[in-house]
Amino acid sequence: VSLLKYASKAHRIATTQVVSLMVRRLGRTKNIITVNGKLPGPTIYANVGDRLLITVTNTGKMSIHW
């Protein structure tokens, strides 16, 4: 019998903020959607069976699709 089967599952908590930023690259300025000021956003690590609580604050009028 595997002891992993009986191990308690972890609770993972992540807080993110979706922000629109103006970025200048290759001589052009463009509005991009970032998560915590980064693109791509942060990686959230989890294992099968973990419980996740992800709080997302959308500071603009953007639609977010998962």
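The table for this structure:
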| item | result |
| --- | --- |
| Counted residues, region 24-66 - those being under 12 Å from the mean Cα position of the chain (by Cα) and over 23 Å from Arg12 (Cα atoms) | 0 |
| Strands (runs of 3 or more DSSP E) within region 7-66 that include 1 or more residues modelled with pLDDT under 85 and either of a type in the set (Asp, Glu) or surrounded by 11 or more Cβ atoms within 10 Å (Cβ to Cβ) (or both) | 11-25 |
| Inter-residue pairs, beta-carbon under 8 Å, first small (Gly, Ala, Ser) and in region 47-65, second open to solvent by 90 Å² or more (accessible area, probe 1.4 Å), 6+ apart | Gly49/Lys9 |
| Close pairs (8 angstrom Cβ cut-off, 6 or more residues apart or separate chains): under 30 Å from Ile33 (Cβ atoms) in region 1-16, among the small types (Gly, Ala, Ser) and at pLDDT 50 or above anywhere | Ala10/Ala46; Arg12/Ala46; Thr16/Gly41 |
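The values are calculated or read from the model by the stated rules, or taken from the named source; none is laboratory data. What you see is a predicted model; the values in this text were computed from it and never measured. Here Cβ is always computed from backbone atoms with ideal geometry, including for glycine, and neighbour counts include all displayed protein chains. The accessibility values were calculated without ligands, DNA or RNA, using every heavy atom of the protein model including side chains. Shrake-Rupley method; radii C 1.70, N 1.55, O 1.52, S 1.80 Å.
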